[in-house]
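Read the structure below first, then the notes.
The values are calculated or read from the model by the stated rules, or taken from the named source; none is laboratory data. It should be emphasised that the depicted structure is a prediction, and the values quoted were computed from it without experimental measurement. Here Cβ is always computed from backbone atoms with ideal geometry, including for glycine, and neighbour counts include all displayed protein chains.
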Amino acid sequence: MSFRRVLLVVLASLAVSGCAQEPRPLAVAEADLTAAERRVRLTQIRDAAAARGLTNGVLLAGIAQNETGLAHCWSEATWACQGPDSVDCAGGPVIAGSGDGPCADRQGGLGMFQFDAGTYDQTLMREGDRILLIAGNVEAAIDFTIAMVIRSVYIDGVDTREQALAWMNSVVVRGARHMEWIQTVTHYYNGCTPTGCSVYESRFMNYSNGLGLVWDEMGEEFWTGAPAPTCDPVPSEGRVIDDGDACVFLGGDLRYWRTATDAGYGGSLRWTNAIDDTGPSNYGVWHVRFADAGEYELVVHTAAPYAESRMAPYRITHAGGTADVMIDQASGPEHSLGRFTFAADTDYEVHVGDDSGKPVGDMIGIVFDALEIVPFSAPAPDAGMTTTDAGMTTTADAGASNADAYVPPGVDAGTWMRPMGSANCGCRTTTSRSSTGTFALLVLLGLAVRRRAART
């Protein structure tokens, strides 16, 4: 893979008690736990975390997966060193890290979360005997992760334990704040920083993949106590799918998807940088299913200053096939992708990639924010024209009224005009149509532009 980006965060020096400037060794061997035993251990982590106010216990389970494969006792991972004895291990030793020198030196991390303040005795002096118990090891992990979230350079607005817990409880696996959590874990828990650790990329991906593994293994209902959110169908009146919706998927390396909370529909958006590869490295997808068949306009929101690409590539699947549309995101906050026909109860998607053809070194931002889906109510044509192209219909009627057209909530009907030109027309305007001839010409020009864009 080609070099993607330079990181935008200037890192503070490592300040984790018990962590050296070099990253701690990270266990890669699997524990000898059956599927049933893993379920028991993950349940123990979830319930112990919930008892301390962390309802998002999967965050801790992801760390434990990477540190020890969920093993807490040496009998579950005999490749490791033997730590002090524990009643939770039937009186046998807890697991101890094997990457800090010979086992006889007694310097490895202890227990499932591998707490390490030097020797075993020094670690117990700092953490207490509680870390020899499964529940106590989880409690100590909560205390440690809360402290690292508070001081993390990747997280803003967290200064207290309550704020840290609230922030951690809001992390969505592979979604909102996932990247910031993994950055924080890699930096503060493992001691591996982007600028001072040669294996940073692999450590980041190990922690990210470990979190995804335990999440997928048990499912959302297990981790949250509630059914997984569903991607709701689009009703006949249309709806907005924002960047945090259950219908949204962010693909590629999550480190390069940034979240902005000072712009965008609903107060947030995602953005990444453009690349000139032959295919997308990072991409965003809105999954769409319609309750009622019909013709709908698709409008994407692209807020400044993050929307900089003038060649953002979109691909839309619809009832007639697939359409490729190029959008100049920098030219305004909203852009129409066109009007398309969709069948009911059928899965479609709108895809935007970072492969706009601009070098990553140019640092050109591409925004993924809200997709607005608007039903189109066209008046019956009297002297206009109708053209059909691959399932997408464009209709012009110079004398028609738009009185029955959909107007979004909070928008002045006087400044909202349904798109009556090209499917790639840009759509929001306060300029009235001056004549039938002028408008028809705009329609033809717009269609030509769209077809040309689809070939590039």
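Details
Conditions (1) over 16 Å from residue 248 (Cβ atoms); (2) in contact (Cβ under 8 Å) with a residue 12 or more places away in the chain; (3) not in a strand (DSSP E or B), marked per residue:
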| site | (1), (2), (3) |
| --- | --- |
| 289 | no, yes, no |
| 314 | no, yes, no |
| 323 | yes, yes, no |
| 330 | yes, yes, yes |
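- Among residues of the range 87-107 that are assigned by TED's automatic domain parsing to the domain that holds residue 131 and among the hydroxyl-bearing types (Ser, Thr, Tyr), those with a Cβ under 7 angstrom from a residue that is crowded, with 19+ Cβ neighbours inside 10 Å and in a strand (DSSP E or B), sequence gap 6+ or separate chain, pair up as 98/81.
- Index of the failed condition, residue 251 passing every other in (1) assigned by TED's automatic domain parsing to the domain that holds residue 42; (2) free of Cβ contacts under 8 Å to residues at least 40 places away in the same chain: (1)
- Whichever residue in the range 98-151 is touching a Ser or Thr at 6+ places or on another chain (Cβ under 9 Å) and among the β-branched types (Val, Ile, Thr) and, among such residues, is surrounded by the most Cβ atoms within 10 Å (Cβ to Cβ): 131
- Test: residue 270 is assigned to a strand (DSSP E or B) and in contact with a Pro (Cβ under 6 Å, 6 or more places away or on another chain): no
- For the range 192-215, the count of residues that are among the acidic types (Asp, Glu) and under 19 Å from residue 149 (Cα atoms) is zero.
- Given (1) at pLDDT below 95; (2) on the phi > 0 side of the Ramachandran plot, index of the condition residue 398 fails: (2)
- For the range 141-191, a residue qualifies if it is of a type in the set (D, E, K, R) and in contact (Cβ under 8 Å) with a residue 40 or more places away in the chain, and the qualifying residues are 151, 174, 177, 180.
- Check on residue 277, in a loop (DSSP other than H, G, I, E, B) and under 24 Å from residue 311 (Cα atoms): yes
- Restricting the search to helices (runs of 4 or more DSSP H) fully inside the range 154-245 and requiring at least 3 residues that are in the same structural domain as residue 299 (by TED's automatic domain parsing) and of a type in the set (D, E, K, R) gives an empty result.
- Residue-level analysis places residue 48 outside the set of residues that are within 14 Å of residue 211 (Cβ to Cβ), under 34 Å from the mean Cα position of the chain (by Cα), in a helix (DSSP H, G or I) and touching a residue at least 12 places away in the same chain (Cβ under 8 Å).
- Of the residues making up the range 254-271, just one is of a type outside the set (Asp, Glu), without any contact (Cβ under 8 Å) to a residue 60 or more places away in the chain and out of contact with any Ser or Thr (no Cβ under 7 Å at 6 or more places or on another chain), namely 263.
- Being at pLDDT below 85 and surrounded by 23 or more Cβ atoms within 10 Å (Cβ to Cβ) holds for only one residue in 49, 31, 71, and it is 31.
- From the list 203, 239, the lone residue that is of a type in the set (Lys, Arg) and under 20 Å from the mean Cα position of the chain (by Cα) is 203.
- Identity of the residue in the range 274-310, of a type in the set (S, T, N, Q) and modelled with pLDDT of 95 or more, that ends up farthest from residue 373 (Cα to Cα): 309
- Filtered residues of the range 176-200 (kept if surrounded by 16 or more Cβ atoms within 10 Å (Cβ to Cβ), more than 19 Å from the chain's Cα centre (by Cα) and more than 24 Å from residue 269 (Cβ to Cβ)): 187, 188, 189, 190, 191, 192, 193, 197, 200
- Once the range 201-227 is narrowed to residues that are of a type in the set (S, T, N, Q) and under 27 Å from residue 268 (Cα atoms), the residue that is surrounded by the fewest Cβ atoms within 10 Å (Cβ to Cβ) is 209.
- As a summary of the residue check, residue 66 satisfies the conditions (1) at pLDDT 90 or above; (2) assigned to a loop (DSSP other than H, G, I, E, B); (3) not charged (D, E, K, R) except for the one numbered (2).
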